[in-house]
Amino acid sequence: MRNEVHDPQPAEDLRRAVEARLAVPAERELWLTRDSRPTTYGGLVGRAGEPTARWVLLRSSDGRQLDVAWRDLPTQTLRNPAFAVVLAHARLVTGVQVVGLERPLDRADSAWGATARTGRTRILATAVEAVAAVVLAAPAVPRAGLLPEDHERARIVLASALRLAGMPAPTHV
């Protein structure tokens, strides 16, 4: 993500990679690997809504195989990967104290560049989900004072990834 600020080319490459992954016709066949079940992008949108469908496509390795369970798609639980990222962002904004963000954040920082170079959006989605998992695993201990640097970095990483997928980054859930 740091590259996006200093070098516009990686940012443009990243946007292009995301747009390519998300440019899916409604009738495109998809495969839910956890259920060994076929669906279409239109079926996915009908089941989970467009924001979740877009996130699930971002985390797909090939744009056709989706590593999610059909029953989890429309839920507001941590089994829905899109909801987990949204919830983690909201927790950071409302003030949870989190320890251990440095490694997942470093991974996410390098994932932005790797996705821009390779066009593989799964790299970014899974790195962002790892940041969300650390945030969600933290006890809900209120933070006092200003936002620490890692917390702000994590909030920006989550919000930026959600924005790329065309999803809102709410301040509360």
Residue, farthest from Glu152 (Cα to Cα), within the range 82-95, restricted to residues that are open to solvent by less than 10 Å² (accessible area, probe 1.4 Å) and in contact with a helix residue (DSSP H, G or I) (Cβ under 8 Å, 6 or more places away or on another chain): Ala82
Evaluation of Asp109 against (1) of a type in the set (D, E, K, R); (2) open to solvent by 50 Å² or more (accessible area, probe 1.4 Å); (3) closer than 30 Å to Gln9 by Cβ (one fails), failing number: (2)
Close pairs (8 angstrom Cβ cut-off, 6 or more residues apart or separate chains): more than 23 Å from Pro168 (Cα to Cα) in the range 54-74, of a type in the set (Val, Ile, Thr) anywhere: Gln65/Thr33
Residue ID - surrounded by the most Cβ atoms within 10 Å (Cβ to Cβ), chosen from residues in the range 22-38 that are touching a strand residue (DSSP E or B) at 6+ places or on another chain (Cβ under 6 Å) and closer than 17 Å to Arg79 by Cβ: Leu32
Breaking point among (1) open to solvent by 90 Å² or more (accessible area, probe 1.4 Å); (2) modelled with pLDDT of 95 or more; (3) within 20 Å of Leu162 (Cα to Cα), for Arg47: (1)
Test for Arg103: is it basic (Lys, Arg) and either surrounded by 22 or more Cβ atoms within 10 Å (Cβ to Cβ) or under 23 Å from Pro25 (Cα atoms) (or both): no
Hey, Gly63 surrounded by 14 or more Cβ atoms within 10 Å (Cβ to Cβ) and more than 29 Å from Asp109 (Cα to Cα) or not: no
Any hit, the range 137-149, residues being over 17 Å from Ala11 (Cβ atoms) and among the β-branched types (Val, Ile, Thr): yes
Test: Ala140 is open to solvent by less than 60 Å² (accessible area, probe 1.4 Å), out of contact with any Lys or Arg (no Cβ under 6 Å at 6 or more places or on another chain) and of a type in the set (A, V, I, L, M): no
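The values are calculated or read from the model by the stated rules, or taken from the named source; none is laboratory data. Every value quoted in this text rests on a predicted model; they were computed, and no experiment measured them. All Cβ positions, even for glycine, are placed from backbone atoms using ideal geometry, and neighbour counts span all protein chains on display. Note: accessible area is taken over every heavy atom of the protein model, side chains too, but ligands, DNA and RNA are not part of it. Shrake-Rupley method; radii C 1.70, N 1.55, O 1.52, S 1.80 Å.
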